[in-house]
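Working notes, structure below.
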Amino acid sequence: MATLDPPHTVHAAPKEITVFKRQEEEEPHSLVKYFSVLWCKASKKKHKKWEGDAVLIVKGKSFTLKDLEGKDIGRGVAYKFKELEKIEEGHRLMIGGKEVEVMGIISPDDFNSGRCFQCGGGSSAISSFTQAAKKCFSNPFKSVCKSSSKENRLNGFQDCRPRHDPYAPNSLVMSRPNNNCQWTFNKNCFPIVDVVIDPHLVYHLRPHQREGIIFLYECVMGMRVNGRCGAILADEMGLGKTLQCISLIWTLQCQGPYGGKPVIKKTLIVTPGSLVNNWKKEFQKWLGSERIKIFPVDQDHKVEEFTKSPFYSVLIISYEMLLRSLDQIKSIKFDLLICDEGHRLKNSAIKTTTALMSLSCEKRIILTGTPVQNDLQEFFALIDFVNPGILGSLSSYRKIYEEPIIISRQPSASEEEKDLGEKRAAELTCLTGLFILRRTQEVINKYLPPKIENVVFCRPGALQIELYRKLLNSQAVKFCLRGLLGNSPHLICIGALKKLCNHPCLLFSSIKEKEYSSTWDGNEERTLYEGLVDVFPADYNPLMFTEEESGKLQVLLKLLAVIHELRPTEKVVLVSNYTQTLNILQEVCKRHGYTYTRLDGQTPVFERQKIVDGFNSKYSSDFIFLLSSKAGGVGLNLIGGSHLILYDIDWNPATDIQAMSRVWRDGQKHPVHIYRLLTTGTIEEKIYQRQISKQDLSGAVVDLTKTSEHIQFSVEELKNLFTLHESSHCVTHDLLDCECTGDKEVTGDSLEKFPISRNCQLGPHQKPNSLKPLSMSQLKQWKHFSGDHLNLADPFLERIRENVSFFFQNITNQSTAI
Ligand SMILES: Nc1ncnc2c1ncn2[C@@H]1O[C@H](COP(=O)(O)OP(=O)(O)OP(=O)(O)O)[C@@H](O)[C@H]1O
Ligand SMILES: [Mg+2]
């Protein structure tokens, strides 16, 4: 057995312990002890040059030395393990060629949570804060205000009063800074003045928004994590993150706790292009146009204008425009930075993130409706953006948090690994929870009208079935199922099936397009389309499509007709993921004389808000809003519509959820009806099942940027995808293990009684999330019945039943529904 260090004695003697390389000699059940130590390379010098802090872990005869970034810097097995047993504070030992001095004992709890790594590592701000807060603090007024200017200062602020009455009923008063904060931020010893939110705003605030404003205020004022001024407001969609920010900006721009001096002068709001005008509108809605001067950047209003004028205090700019005007933006001193839909900053390497990181502004807020904790790397990027360095370097974060957490989630993890991973996750949540706030939709449910959600399984038309069979018999599909051909041919097959489900004419157009194409891709696609044209009538013209050819289109038409008839003043949002499908839906609107408006990827950004406002206005004559979910999903308010029809389905549940929450939100006056149309027995059902199956959610990366190209399929899965179930009323119901035969209305418990929990990587410390996709077991709790069911209480469903094989329905806020 080799020894790493030959035994020798040094005067004043740290004891050398002989170490063996072999770890297996470790005693399995021996107690683990942890010590904080200083370490340096072994030398005989009297005055040591200590290299740094480290954590020593001793288990029986074996030990590991880790630096504060969590990296192993020494490990081995001790020969004289009695020495290890007796370690105490002040001891010096030689281990693994290093000399260590024991500074103290670390409790297993501090090790398991990872707290012991924080004191020298990235989270110093937090630990020094908690330590400082615990210490008895001398009043900064006493110590600092002895200067000769003290009296002048106090005189100057003698009649410093809060801007609004803090004692008025219902007033919303911000927390006063504690001594520690004053020490850092009130060096001039200004008297403390209450910061009170403008009663004009408070009047409108929901309780969760009041709390949200206090949270944001405390974060940006450095009151939650000492010296750090960042926050992430991750409230679910539609909870009014905009109003909370507007209230904060207005408050900080006029008031401050130190002598009443305003905290900020200029604010930068960066947002997706389609929401620039939405921000403008919200400012006007809540503050009118006089109180605060905002400057939305668009084609006619360039950043220079803002730079030159002292008049404006808030610059609203799109992410794209920000990159183009970065130099100008950098020359302006912003005191507050708000990144709306800030989930896009989850990648620290992308230009937008580096550009925003380069701004010197310390008070940074990310707004996002998407949960931030499902991917630990993305989580780090967001945290590091708002509070740079707070979790240490990326490499130490990986060692201390990410690795143990991921290891603990693997099926092969030992009890010890599971325990460590859980504790590290809990600690990470606890640290970051100081400046992340997420509330779920439930907090506003009671202010919203009922929501009636329906999943409608539409019978495919005869032509659709024939074409579907033929596609499944094609060479291309057979090759896919044998795992042959590279270049993702399955995506082409899936695409063709999805088009067919929407309408056969879409497939026809693709076939015709490819007929003349000579690329390799084209060849592949041709094998898929072989012989298909013969199935269509000889004189088939896709522009003259008939409505009976698509099961979903027939259902859609009947739905539109019944809505028009029974609710003549209500409007419909009609959503598809595809521009070509929207073209067909638009044509249908024309044919039937339905007035419509449309927003898709081609709609110029500056026109979007106009279109949205037009539709939401009570004077609008548009009956239908045609929306491309990918283009217009995020952030839009379409409360003018109270019926939302999802014509097709996306692999990513987040895209569909985004679209659905455009109408069921604050300001909606009518009960909301949501219809998700799926073609029975086809790939659409499979995609839906994939959306709701537990297995798919275990990774739970619910993210708008993930598309079907990122999804890997096994041959087994492809076989399932490429099967048509012609005899089933509803394959999804067949999979539910439900005893009913669909001939009577079956109802489980209401969905609201069923808390839904998302498997996020940080473990079970999150609250359930109401806007997450359903799971199979939750779907089983929905009312469900076949299309042949006798008494349908819902007049809308009654009208479409002829073309429908099965329904699922769930009602939220039931009291006044339908
Ligand atoms: N207290 C309130 N009273 C009435 N309406 C409100 C209130 N708060 C917000 N709203 C309205 O609710 C709608 C949704 O708000 P907002 O757009 O800020 O949501 P959000 O949290 O940003 O959602 P998303 O994540 O989808 O962007 C807006 O029309 C807004 O004016
Ligand atoms: Mg928003």
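The values are calculated or read from the model by the stated rules, or taken from the named source; none is laboratory data. What you see is a predicted model; the values in this text were computed from it and never measured. With ideal geometry, Cβ positions are generated from the backbone for all residues, glycine too; neighbour counts draw on all protein chains shown.
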Matching entry among Ile645, Ile674, Ile624, Ile649 (being aliphatic (A, V, I, L, M) and out of contact with any strand residue (DSSP E or B) (no Cβ under 6 Å at 6 or more places or on another chain)): Ile649
With the condition kept exactly as written, say whether any residue in region 326-339 is within 16 Å of ligand 2 (Cβ to nearest atom), crowded, with 22+ Cβ neighbours inside 10 Å, in contact (Cβ under 8 Å) with a residue 60 or more places away in the chain and more than 13 Å from Thr267 (Cα to Cα). no
Count of region 241-270 residues which are crowded, with 23+ Cβ neighbours inside 10 Å and modelled with pLDDT under 95: 0
For Glu27, indicate whether it is of a type in the set (Asp, Glu), assigned to a loop (DSSP other than H, G, I, E, B), modelled with pLDDT under 85 and farther than 21 Å from Gly104 by Cα. yes
Residues of region 637-660 being within 15 Å of ligand 2 (Cβ to nearest atom) and either assigned to a loop (DSSP other than H, G, I, E, B) or at positive phi (or both), in sequence order, are Asn637, Leu638, Ile639
Assigned by TED's automatic domain parsing to the domain that holds His200 and in contact with a Pro (Cβ under 7 Å, 6 or more places away or on another chain): does that describe Glu304? no
Selection status of Pro411, outside the structural domain of Asn810 (by TED's automatic domain parsing) and not hydrophobic (A, V, I, L, M, F, W, C): yes
Considering only residues that are free of Cβ contacts under 8 Å to residues at least 40 places away in the same chain, assigned to a loop (DSSP other than H, G, I, E, B) and under 21 Å from Tyr397 (Cα atoms), look in region 349-377 and name the one that is nearest to ligand 1 (Cβ to nearest atom). Ile350
Considering only region 523-636, give the helices (runs of 4 or more DSSP H) lying wholly within it that have at least 3 residues that are of a type in the set (Gly, Ala, Ser) and in the same structural domain as Leu677 (by TED's automatic domain parsing). 629-632
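Table: residues versus (1) touching a Phe, Trp or Tyr at 6+ places or on another chain (Cβ under 7 Å); (2) closer than 29 Å to Val663 by Cβ.
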residue: Arg210; (1), (2): no, yes
residue: Gly222; (1), (2): yes, no
residue: Gly230; (1), (2): yes, no
residue: Gln244; (1), (2): no, yes
residue: Ile249; (1), (2): no, yes
residue: Val263; (1), (2): no, no
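Per-residue answers, yes or no, for (1) modelled with pLDDT of 80 or more; (2) within 30 Å of Lys82 (Cα to Cα):
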{"site": "Glu99", "(1), (2)": "yes, yes"}
{"site": "Ser107", "(1), (2)": "yes, yes"}
{"site": "Ser113", "(1), (2)": "yes, yes"}
{"site": "Lys135", "(1), (2)": "no, no"}
{"site": "Ser143", "(1), (2)": "no, no"}
{"site": "Lys150", "(1), (2)": "no, no"}
{"site": "Asn155", "(1), (2)": "no, no"}
{"site": "Pro162", "(1), (2)": "yes, no"}
{"site": "Ala168", "(1), (2)": "yes, no"}
Can you pull out every residue in region 383-415 that is of a type in the set (S, T, N, Q) and modelled with pLDDT of 90 or more? Asn387, Ser393, Ser395, Ser396, Ser414
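To keep it simple, each residue is scored yes or no on (1) under 28 Å from Val225 (Cβ atoms); (2) under 35 Å from the mean Cα position of the chain (by Cα); (3) not in a loop (DSSP other than H, G, I, E, B).
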residue: Glu417; (1), (2), (3): no, yes, yes
residue: Cys430; (1), (2), (3): yes, yes, yes
residue: Thr440; (1), (2), (3): yes, yes, no
residue: Tyr447; (1), (2), (3): no, yes, no
residue: Ile465; (1), (2), (3): no, no, yes
residue: Cys480; (1), (2), (3): no, yes, yes
Pick from region 221-274, criterion closer than 24 Å to Val443 by Cα and either part of a loop (DSSP other than H, G, I, E, B) or not assigned by TED's automatic domain parsing to the domain that holds Asn179 (or both), ranking: farthest from ligand 2 (Cβ to nearest atom): Arg224
Those helices (runs of 4 or more DSSP H) completely within region 661-721 that have 3 or more residues that are modelled with pLDDT of 75 or more and surrounded by fewer than 16 Cβ atoms within 10 Å (Cβ to Cβ) are 715-721
Subset of region 655-684, residues more than 30 Å from Lys285 (Cα to Cα) and not polar (S, T, N, Q), comes to Tyr675, Arg676, Leu677, Leu678, Gly681, Ile683, Glu684
Which of the residues belonging to region 197-208 are among the β-branched types (Val, Ile, Thr) and either in contact with a Ser or Thr (Cβ under 6 Å, 6 or more places away or on another chain) or under 24 Å from Gln658 (Cα atoms) (or both)? Ile197
Test result for Leu287, assigned by TED's automatic domain parsing to the domain that holds Leu248 and within 16 Å of ligand 1 (Cβ to nearest atom): yes
